[in-house]
1. Where the Cα atoms of the chain are projected onto their three principal axes, how long is each span, largest first, in whole Å?
2. Test of understanding: extend the Cα→C-beta vector of Thr131 to 7 Å, then name every residue of the range 104-120 with backbone N under 13 Å from that spot.
3. Where the centroid of each part is defined by its Cα atoms, how far is the range 180-224 from the range 53-110 in Å?
4. Enumerate the amide H contacts of Val129 below 5 Å, restricted to partners 5 or more residues apart or on another chain; note that Pro and chain-start residues carry no placed amide H.
5. Just going by the charge dipole of the chain, with Lys and Arg at +1 and Asp and Glu at -1 on Cβ, which of Gly119, Ala268, Phe328 is farthest out on the positive end?
6. If R0 is 22 Å, what FRET efficiency do you get for Gln333 and Glu278 from their C-beta distance, rounded to 0.05?
7. Over the chain, what is the mean sequence separation of C-alpha contacts under 8 Å (at least six apart), divided by residue count, expressed as relative contact order in percent?
8. Quick one: length gained pulling Arg88 to Ser307 fully straight, 0.36 nm per residue minus the C-alpha distance?
Amino acid sequence: MKLGKTKWCLLSAAAAAAVLGGCGRPAEPESEQASENIVIGFSQVGAESDWRVANSESMYATFTEEKGYDLLFDNAQQKPENQIAAIRTFILQGVDYIVLAPIIESGWDEILTEVKDAGIPVIVVDRMVNTEDESLYTAWVGSDTYWEGETAVGWLEDYLQEQGRQEEEISILHVQGTTGATPQLGRTAGLDEGILQNENWSLTGRVEGEFTQAKAYEEVAEFLKSGSKVDVIYCENDNSAFGAMQALDEAGISYGEDGDVIIISFDATRAGLTACMEGRINLNVECNPLHGPRVEKIISQLEAGESPEKHSYVEETYFTPDSLTPEFIEQRQY
């Protein structure tokens, strides 16, 4: 039964530790005092990338006690079953809102039905949930990852033409993110369509980088041992690109603006843009992680009895070495 914000009691230290364990921020003992704050349960994917860390920090910075919120943060450590368990805990705690950054798109109907039955609004961020019943969540905010993939492919077509390589056979190594995640699905679909539309493009390999530097390094390093021709490495996030570049360095293969291999990345984190400005990444497509203020806007609308938009796409762009300056990168929030 939902307690509501005026009757919700803060967790004991032991319970808080169970909920917040693994998120990198130790739970602090709380007294059994009633809270008038809006209570938000946030199930986060994990801390697998610089982008994800920035996304979490945006939530922490937005939903503070000073602004009238109690944020219960759960790090799922990239395991969907952990997210489901956390959401059931949030239901028992009677939170006012649940914010979900789903690890993968499928498998949410049962738990979201439980949330709906409890009368708790669900705001989905970043990745989408795949359900035929859209009433199971209140709103979604995130990136158009298919647009991101299309944008990268369009840029590659133009870049190859500028180099006079539009008729050349182009071999692409694809470093995918977590299988079934919205960014993986959208960015992969964009690349696959680009390969179909360009007869001289071919997929020389597809490896699973899981959005992490370590896994991407391991997979790309192993692939390079095959000696297969690689003209482009299409990395589905910045950390994967860092891993791929590390493997290329060790193999003695040049890359970037003055190299043999074109590097395409996504996210446009400060570290990714620095590598792009330096010419080590040819293209970095933006994926903005600062979702805290956007989620707060949705909650404010709901608190006022208004109906927010069901789907809200974040405006984004892309970057090349000649479009970046140290001053621009320094002022970035992530």
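1. For the chain, the Cα spread along each principal axis is 67, 37, 36 Å.
2. From the range 104-120, the list is 105-120.
3. Each part's Cα centre sits 29 Å from the other's.
4. Here nothing satisfies the definition.
5. Gly119
6. 0.60
7. Worked out over the chain, it gives 15 percent.
8. 76.3 nm
The values are calculated or read from the model by the stated rules, or taken from the named source; none is laboratory data. Everything quoted here is computed from the prediction, not taken from an experiment. Using ideal geometry, Cβ is built from the backbone for each residue, glycine included, and neighbour counts are taken over all protein chains shown. Surface areas here come from the heavy atoms of the whole protein model, side chains and all, with no ligands, DNA or RNA. Shrake-Rupley method; radii C 1.70, N 1.55, O 1.52, S 1.80 Å.
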